[in-house]
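First comes the structure, then the notes that go with it.
Derivation of every value follows stated rules applied to the coordinates shown; laboratory data play no part. Small disclaimer: the values here were computed from a predicted structure and weren't measured. Here Cβ is always computed from backbone atoms with ideal geometry, including for glycine, and neighbour counts include all displayed protein chains.
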Amino acid sequence: MIGRLLTAVLLSGVLAGVLISVVHEFTTTPIILHAELYEGGGGEADHATLIWTDEVAGGQFYLVHGDEVHEDGEEAWGPQDGFERSLFTLLSNVITGVAYAALLVAAFYLRGREVDGRTGLMWGVAGFVVFALAPGMGLPPEVPGAMASEIGGRQTWWAFAAAGTAAGLWLLLLVKKLPFNVLGFVLLVLPHVVGAPQPAELGGPVPPELSAHFASASLGAGLVFWALLGWIAGLSYERFVTRASTA
Amino acid sequence: MSDNVLKASIAAQSVAERAIPVMILAMLGVFLLYGVGFAQPDVLHNAAHDGRHSFAFPCH
């Protein structure tokens, strides 16, 4: 059984990861690259350089920073801009796709019902709410250079919001017993009552217009990703798990 | 056997029988998600940088 489940996971995860890379290339990535022109903000540690550009109307100062430099002077490896960077982004998107596909197919199997392309798509929308919309309400998608609180606390809250929303939606929508529904509602709301860690001060170097555009582009691309993943995972599950397990 | 009888075989399994594959998949998903979206070593961060931002993982 695990082999059939993994077939559905790999097929849907890799496909969704590749397809969303194309979507990102035209939606979020250009905004990331634009925001990186402002990133760094003139801090001493990041070797900010002041350059003049006439490309933007009126001319503006942009702050750019060179390669990240460690305290010990060694540069951390990073992909070269251009093809190499796109290749690693594709690779990381495929891994993200497979990771989410594994969680989604685990949910299909735990539920124990038939899934096809249509119901898979609905599961996918639920995945979007769990892993993008709910965490994003407290921690909006960030452009590089955005002000934010310490990373560990944000990651913990992100996981808390995703887990609470997943368990909450399950108990609210898939269990037909009132006490469980009430518990589901509480789990759904709890992360937002607790609240995500917010930065102590606001006012990062990236213009708010760019940040706002990125947040909506990221959420929109997230919905596309989850709809694709849910649809393909539903079809794969029907083909490789439901039918195969009965043959 | 009819399709319905065949398809009932998954539903007929108890939750306990389904638990092991579910746990294996869940652990695989969490492990990969941690590596691609959460792990802090610079090399992993730099390689997955644009993907992390686009998927709105907490970054930096």
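What does the structure give for A:154-166 when I average, per residue, the other chain Cβ atoms found within 10 Å of the residue Cβ?
2
In peptide A:206-212, how many Cβ atoms from other protein chains are near each Cβ within 10 Å, on average?
0
Note the full-extension length gain between A:Lys176 and A:Arg239 as 0.36 nm times their separation in residues minus their Cα-Cα distance, in nm to one decimal.
19.8 nm
Longest span of chain A, sites excluded, free of trypsin sites (Lys or Arg not before Pro) in DSSP loop with at most 13 other C-beta atoms within 10 Å?
Details: sites that count: A:Arg113, A:Lys176, A:Lys177.
Formally, the longest exposed-site-free interval is A:1-112.
Relative contact order for chain A: what is it in percent, counting Cα pairs under 8 Å that are at least 6 residues apart?
34 percent
Rounded to the nearest 0.05, what FRET efficiency is calculated for A:Leu183 and B:Ala16 with R0 set to 22 Å and r the Cβ-Cβ distance?
0.50
List every DSSP H helix in chain A whose Cα atoms extend 30 Å or more along the helix's own long axis and whose mean Kyte-Doolittle hydropathy is at least -1.0.
A:2-26, A:83-111, A:151-173, A:208-237
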